[in-house]
Amino acid sequence: MQSTASNNVIISPNSKQFFRRLKEQKYLYMMVIPGVIWMIIFNYIPMYGIIIAFKDYNIISSFFEAPWVGFKHFLDFFRDDWFPIIMKNTVGISLLKLIFGFPLPIIFALFLNEIQNSTFKRTVQTISYLPHFLSWVVLGGILITWLSESGMINELLVNMGILDKPVAFLGEPKYFWWIATISDIWKGLGWNSIIYLAAISGVDVELYESAIVDGAGRFRRMWSITLPSISGTIAILFILAVSGLLNSNFDQILVLRNPLNAPSSEVIDIFVYRMGIQSARFSYATAVGLFKSVIALMLLLLANWVTRKLTGKSLF
């Protein structure tokens, strides 16, 4: 009798479990399909266009017809007079947002978690979330009005005696980094704290009860129990924040920038927009964007390695 074992497909127990779970949760997987299709169409298929960073592409010819130029566009970017200005502004604004914008949602979530009055707590949460749901076009218009020479900020500072006369804040390059940082924190503080509040809600209540019995106050409980319990969440979000160090929030900068503050508001994203959309230098803009992506990948790997060495927690 001839053995038919070679004609049969051997399915491991793990595979059987996977297919059984797939059958049981088929409707959940079907809900994921549109998102996967969207990602393939808009995130993976366009990656083929990266090759124009190494070609001299124009809109008349196709990707295949454009001549290869190697790293010419990258070298042109490094030699560009705007390169040091762009890198200084991009890194400067992003570092300020990282230094001040990253820890503030954690602190806000810690204090919000200590509020016992549920009505007051919900009110504070609602007020802090509201700016997130307004686009930068709306918030930018509000900020431009507030920061004008006849705006609310100038009137307040002059009446308090801090300023002798009104200042055109958005017309002074020296103020732009701080305006971008503070407005970004204002818009995202409440929303960014949600994930920390969710992590805090998962902390074992018995730990707090034991600490109270031992005489620990609120600040001691936050420092010794809450923060260590959510350290994994903080580590992951820190890695992602560092990897996005060259992202300066294009929408925000585009709305707030003007020719007067250009020396402080010209960042990589704005430069790519100007070169690619306004000047139709598609290959050059793609090369700059690819340079930014490579640096972001390197920062991600570095931050992941450092975090794993220091805390034992990492993204991968």
Which whole-Hz ³J(HN,Hα) couplings does the range 145-162 yield from phi under the Karplus relation 6.51 cos²θ - 1.76 cosθ + 1.60, θ = phi - 60°, glycine and proline marked x?
5, 5, 8, 6, 5, 9, x, 4, 5, 5, 4, 5, 5, 5, 5, 7, x, 6
Placing +1 on the Cβ of each Lys and Arg and -1 on the Cβ of each Asp and Glu in the chain, which of Phe271, Val294, Asn258 has its Cα farthest towards the positive end of the resulting dipole?
Val294
Extending each Cα 7 Å along its Cβ direction at Val205 and Ile37, get the distance between those two points in nm, one decimal.
4.5 nm
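How much mean residue ellipticity at 222 nm does the chain get from its helices, if each DSSP H run of length 4 or more adds -39500 (n - 2.57) and you divide by all residues, to the nearest 500 deg cm²/dmol?
Values: 17 runs with 191 residues, N = 316.
The helix contribution divided over the chain gives -18500 deg cm²/dmol.
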Sequence order, the range 34-44: Karplus ³J(HN,Hα) from phi using 6.51 cos²θ - 1.76 cosθ + 1.60, θ = phi - 60°, Hz rounded, Gly and Pro as x, gives x, x, 5, 4, 4, 5, 5, 5, 9, 10, 9
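Using a 1.4 angstrom probe on heavy atoms only, work out the carbon and sulfur share of the accessible area of the range 247-301 in %. Please list the in-between numbers first.
Details: 1600 of 2370 Å².
Percent of accessible area from carbon and sulfur atoms in the range 247-301: 67.
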Karplus couplings for the range 246-256 from phi (6.51 cos²θ - 1.76 cosθ + 1.60, θ = phi - 60°), rounded to Hz, Gly and Pro as x?
8, 8, 9, 6, 4, 4, 5, 5, 4, 6, 8
Any chance you could check the Cα centroid distance between the range 79-104 and the range 119-166 for me, in angstrom?
23 Å
Relative contact order of the range 82-235, pairs being alpha-carbon contacts under 8 Å that are 6 or more residues apart, as %:
32 percent
Let me check against my output: what whole-number percent is the relative contact order of the range 14-86, with C-alpha pairs under 8 Å and at least 6 apart?
18 percent
Using a 1.4 Å probe on the protein heavy atoms, what percent of the accessible area of the range 1-158 belongs to carbon and sulfur?
70 percent
Tell me which label goes with the value of Cα Rg over 2.2 N^0.38 Å computed from the coordinates here: (i) 1.32; (ii) 0.93; (iii) 0.98.
(i)
What dipole magnitude, in Debye to the nearest 20, does the range 69-200 give about its Cα centre under +1 on Lys/Arg Cβ and -1 on Asp/Glu Cβ?
340 debye
Which residue, Phe78, Phe169, Phe54, tops the fluctuation ranking in a GNM of the chain built on C-alpha contacts under 10 Å?
Phe78
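Pairs of Cα atoms under 8 Å, at least six residues apart: use those to get the relative contact order of the chain, whole percent. The partial results should precede the final answer.
Details: 292 pairs, mean separation 79.6, N = 316.
25 percent.
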For the range 249-285 and the range 190-234, compute the distance between their C-alpha centroids and round to whole Å.
42 Å
Would you please give the residues with an amide H less than 5 Å from that of Lys55, counting only those at least 5 places away or on a separate chain, with H modeled from the backbone geometry?
Val69
With springs only between Cα atoms under 10 Å, which of Ile41, Ile225, Ile59 fluctuates most in a Gaussian network model of the chain?
Ile41
Roughly how many nanometres apart are two label points built 7 Å out from the Cα toward the Cβ at Lys23 and Phe120?
5.7 nm
GNM result for the chain, Cα springs below 10 Å: residue of Pro263, Pro105, Pro46 fluctuating most strongly:
Pro46
Note to self: with every protein chain in place and a 1.4 Å probe, the range 179-299 gives an accessible area per residue in Å² of 47 Å²
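The values are calculated or read from the model by the stated rules, or taken from the named source; none is laboratory data. Quick caveat: nothing in here was measured; it's all calculated off a predicted structure. Every residue, glycine as well, gets a Cβ built from its backbone with ideal geometry; the counts of neighbours run over all protein chains shown. Accessible surface is based on the protein model in full, side chains and every heavy atom, while ligands, DNA and RNA are left aside. Shrake-Rupley method; radii C 1.70, N 1.55, O 1.52, S 1.80 Å.
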